[in-house]
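S.K.: Once you've had a glance at the structure underneath, I'll fire off some questions.
The values are calculated or read from the model by the stated rules, or taken from the named source; none is laboratory data. Not measured: the values here are computed from a predicted model. Every residue, glycine among them, receives a Cβ derived from its backbone with ideal geometry; neighbour counts consider all protein chains shown. Side chains included, ligands, DNA and RNA excluded: accessible areas come from the protein's heavy atoms. Shrake-Rupley method; radii C 1.70, N 1.55, O 1.52, S 1.80 Å.
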Amino acid sequence: MELLKKIPYNFRYYIFTTRKKQIIIVFAHSNTDIDDNTPTILETSYIPILKSSYDIDDSQTIKVSCKDDELMINDFNNDIRKYCASRQNFQEFRIYSGSPEYKMMFEELTIRALFKSCKSAYFEIGNSVFRTGKEDYGQLKKLDVKSGTWFIDQESTFYVDEFHATDVIIDCYNRKDTPSILNFVVRDSFKGIRMMIYSTIQMVILNSSKTQEQFLNGKINFAYVKVFGEEFVNDNEQPRIEFRGFEKVSLGCIEVSEEVKYGNILYVDNLTKFTVMRIKRRIAQIDKGSFIQIDRVGSVNITDIRYVFTNNSTLVPGAAIITFLHNDDDKLERSLNIYNTTVQNTTGNLLVIVRVVKTNIKKIYISKCFLSNDIQMVDKDEESKVTKFNYNECNFSSTGDFVLSNIISISLNNMQFDVQGALKITCPFVTINGGTYNVKKFLIDNKDEIVSKVVMNNVLIDSEEVNINNTKAINDEDFIFYDNDCTIKADKYTINGYKPSFNRTVFKCKIINLNSLTVVTFSNCNFDISLKETLINIYGSLAGVMNLLSHSNDDNGNKFRINIQDKNFYRNINMFELHGTIGLPELNLTTNTPIKVELHNMDPEYVYFAYTDKIESLQKSKIIHKFNALSLNENIKVINNSEKLCSISNYMNEERDLVFEIEKK
């Protein structure tokens, strides 16, 4: 008697045709047994909605209730193919799942039959799957995947006017040693909300536009793209996703799962504008490559890069986040903007933020970023050129060096550097506004350009050595260095080959070397004399006002030495003022050219003067003790055998200044 019982039904599907030439497929699974008369969610929910939305031809409806097993599901696929066989040139097919959590597969033959009979496709199948292969699926007006998983079998190519995805997973059908490739040839748009792509799949999106108007209308806009899954094909040289030939490509967020090792993720080419609002990658291991490879693209805008490293993360040395590839198009003006980025590299190997390979970039702008440990901001070969580099409100810390090289113009604004190595800038035009630079060495090199300018405003530099160098200066009128309201703390501070000008600068340096073909200017600058000895070597002419800042009487006797060796005698006489405070430093003046010095709030008893044996001018040097001279008995001391080269006399002028005159013998 058991054999006479009916097989319990728990799976039902409908196939409809509308009078507007649409094929609608809806299916559902039940957790309990059903029969032909038992209503399911299809009858209570989906069918009423479909009949209210579409003009359904009931005479062509197929309804089947069957057991949920592989044999019956094959019959479902067969029914769809048979249904499509007699219905060609239909407008659209739509597939709905009444049980989103239920999993079943629409075979490649079924999908091919549907695409062959219809010009547009819509999938809302929840956890269910449809599979495509290498077959020709024809030209589609629109492919819309609201939900579902898409299995790629080796290689699939789709020609569509529009593609839209709300929530789709793109996965490999057979995980063999051959790559799975999904090609989209899109005329108008490629849009969506959430798309997850298995890492071994290579997805290529091409624009099929044939006119300039079609190109300008071509848009890619996706809210969230995720690359996931451990790769099983060794094709790391190939990017996972490619966008080619669109006017604009915009991605809200692209995330790469921790198990993905591929270095090359995105490739973009022949775009006017490329925008990514967020990049998220948690690092276990990254192989060689660059997260984004940029070819012929005008404007690149990237916000919120989040590379998360752990103590066990590994990185191939020299891996990059962004790479501009070789391009010979001189008319293409390329720019890069990076905002709000955090990268803390714990691997011990170098990570490059931007690499430039044999190409020219007009502008790189980086703002509000936090970068730490073994990071190189820009890696550029000798054949590449970056015209302008702006770096704003960023924080950088590292145990190694920070290098910005071979760039025409650099602007650093409100930066915070904490670098145990050196900050190395190779650039003819450098502007630094605000910020703190706590670095072992602060180095700027002009790189042999014929014109150079370095400007610093309101900057704090705390370093063992500061060196601003131009070795090729012929006339430093064309090589300007301007320092305004900065504070320099350094054992050694050197400027070579520029015309330096300092305004309200605070110096706390042991040795200052200023090598100028013209004049060195100090405008109301402050020199901290709390150090035991400060030496200023001026290889040029000197002018301005210098304040010697003392903090207590403990600074009495500390040495402040000025050595002027003017090889070019740019000025007939060097004129400057020295203002003391509460301390009485020992002032040592050595010169090879006549000088005129005004001493304010200083004691001539602690002033020592020396001429070098190369003095040639017949003019007199004057040291003027301003305002508070008491008697002619006060005198300065001539040292280093200079008494053999000159004679010294003094007198009181009408303002009761004590004037010392030094004349060459």
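S.K.: What full-extension length gain, to one decimal in nm, is calculated for residue 575 and residue 458 as 0.36 nm per residue of separation minus the Cα-Cα distance?
M.R.: Residue separation times 0.36 nm, minus the Cα-Cα distance, leaves 39.5 nm.
S.K.: Tally Lys and Arg at +1 and Asp and Glu at -1 over the other residues with C-beta under 12 Å from the C-beta of residue 81: what net charge comes out?
M.R.: Its environment carries a net charge of 0.
S.K.: Which value in nm describes the separation of the simple spin-label points at residue 409 and residue 331, placed 7 Å from the Cα toward the beta carbon?
M.R.: In this crude label model, residue 409 to residue 331 measures out at 2.4 nm.
S.K.: Net charge near residue 423, counting Lys/Arg +1 and Asp/Glu -1 over other residues with Cβ under 9 Å of its Cβ?
M.R.: So the surrounding residues net to +2.
S.K.: Can you compute the label reach from residue 178? Point 7 Å from Cα along the Cβ direction, backbone N cut-off under 16 Å, restricted to the range 233-267.
M.R.: Once the point is set 7 Å along Cα→Cβ of residue 178, 233-235 turn out to lie under 16 Å by backbone N, inside the range 233-267.
S.K.: Which value, in nm² and rounded to one decimal, describes the direction-averaged projected area of the C-alpha convex hull of the chain?
M.R.: The orientation-averaged projected area of the Cα hull of the chain comes to 41.2 nm².
S.K.: Something else now. When only Cα pairs under 8 Å and 6 or more residues apart are kept, what is the percent relative contact order across the range 115-223?
M.R.: In percent, rounded to a whole number, it is 21.
S.K.: Would you mind getting the accessible area per residue of the chain, heavy atoms of the protein chains only, 1.4 Å probe, in Å²?
M.R.: 43 Å²
S.K.: Next question, about the same structure. For the range 282-331 and the range 10-78, what is the separation of their C-alpha centers, rounded to whole Å?
M.R.: About 49 Å separates the Cα centre of the range 282-331 from the one of the range 10-78.
S.K.: Continuing with the same structure: Once the Cβ-Cβ distance between residue 308 and residue 31 is put in as r, and R0 is 41 Å, what FRET efficiency do you end up with, to the nearest 0.05?
M.R.: Here the calculated transfer efficiency is 0.50.
S.K.: For q = 0.22 Å⁻¹, what log10 I(q)/I(0) does the range 280-353 give under the Debye formula with an equal point scatterer on each alpha carbon and no solvent?
M.R.: -1.00
S.K.: Okay, next question. I want to check the label-to-label distance for residue 368 and residue 238. Put each point 7 Å from Cα in the C-beta direction and report it in nm to one decimal.
M.R.: For residue 368 paired with residue 238, the spin-label model returns 3.9 nm.
S.K.: Could you pull out the trypsin sites (Lys or Arg not before Pro) across the range 319-377 that fall in loop regions by DSSP (anything but H, G, I, E, B) with no more than 11 other Cβ atoms inside 10 Å?
M.R.: When the trypsin sites (Lys or Arg not before Pro) of the range 319-377 are filtered for loop state and at most 11 Cβ neighbours within 10 Å, 331 remain.
S.K.: Further question: Over the range 154-202, what is the mean sequence separation of C-alpha contacts under 8 Å (at least six apart), divided by residue count, expressed as relative contact order in percent?
M.R.: 52 percent
S.K.: At a Cα cut-off below 16 Å, give the aspartates and glutamates reachable from residue 626, other chains included and same-chain residues fewer than 8 away excluded.
M.R.: The qualifying aspartates and glutamates are 577, 598, 603, 605, 634, 654, 655, 657, 661.
S.K.: Using every alpha carbon pair in the range 116-206, what percent of pairs falls into each 10 Å bin from 0 up to the bin containing the largest distance?
M.R.: P(r) for the range 116-206, in whole percents per bin: 18, 54, 27, 1.
S.K.: Exactly which trypsin sites (Lys or Arg not before Pro) in the range 99-187 are in a DSSP loop and have at most 16 other Cβ atoms within 10 Å?
M.R.: Those that pass, being in a loop and sparsely packed, are 103, 134, 175, 176.
S.K.: What's the long-distance tail for the range 1-159, i.e. % of Cα pairs beyond 19 Å?
M.R.: 54 percent
S.K.: What lysines could a cross-link reach from residue 288, if we take a straight Cα to Cα line under 22 Å and drop same-chain neighbours fewer than 8 places away?
M.R.: Answer for residue 288, where 22 Å is the Cα cut-off: 226, 261, 280, 358, 380, listed by chain and number.
S.K.: Counting only other residues whose beta carbon sits under 9 Å from that of residue 23, what net charge do I get with K and R as +1, D and E as -1?
M.R.: Charge balance in the 9 Å sphere: +2.
S.K.: Give the residue list of GluC sites (Glu not before Pro) in the range 149-226 that are DSSP loop and have at most 14 other beta-carbon atoms within 10 angstrom.
M.R.: Filter output for the range 149-226: empty list.
S.K.: Here's a follow-up. What is the percent carbon and sulfur in the accessible area of the chain, measuring with a 1.4 Å probe over the protein chains and ignoring ligands?
M.R.: Carbon-and-sulfur percentage of accessible area, whole number: 46.
S.K.: While we're here: Tell me which residues come under 5 Å, amide H to amide H, from residue 522 once H is placed; ignore anything under 5 positions away on its chain.
M.R.: The answer is 502, 543, 544, 545.
S.K.: Extension gain residue 652-residue 75, at 0.36 nm per residue separation less the Cα-Cα distance, in nm?
M.R.: Extending this stretch completely gives an extra 195.8 nm.
S.K.: Given only helices, namely DSSP H runs of n ≥ 4 each adding -39500 (n - 2.57), what is the per-residue ellipticity at 222 nm of the chain, to the nearest 500 deg cm²/dmol?
M.R.: Helix contribution divided over all residues of the chain: -1500 deg cm²/dmol.
S.K.: Sticking with this structure for a sec: Label point 7 Å out from residue 109 along Cα-to-Cβ: which residues of the range 150-190 have amide N under 15 Å?
M.R.: Within reach of a label on residue 109: no residues.
S.K.: Follow-up question, since we're still on this one. State, as an integer percentage, the relative contact order of the chain based on alpha-carbon contacts under 8 Å between residues 6 or more apart.
M.R.: Result for the chain is 4 percent.
S.K.: Near the amide H of residue 336, under 5 Å away, which other amide H atoms are found, from residues 5 or more places off or on another chain, if H is placed in the peptide plane?
M.R.: Result for residue 336 returns 300, 363, 364, 365.
S.K.: Further question: With r defined as the distance between the Cβ atoms of residue 167 and residue 49 and R0 fixed at 25 Å, what FRET efficiency is calculated, to the nearest 0.05?
M.R.: E(calc), rounded to 0.05, equals 0.80.
S.K.: Compute the Rg to Rh ratio over the range 216-322 from the alpha carbon atoms, using the Kirkwood formula for Rh, and round to two decimal places.
M.R.: Ratio of gyration radius to Kirkwood radius: 0.97.
S.K.: Treating cross-link reach as a plain straight distance, find the aspartates and glutamates whose alpha-carbon is under 15 Å from the alpha-carbon of residue 191, omitting any fewer than eight places away in the same chain.
M.R.: Of all the aspartates and glutamates, those that pass the test against residue 191 - Cα under 15 Å, at least 8 places apart if same chain - are 144, 161, 162, 167, 242, 247.
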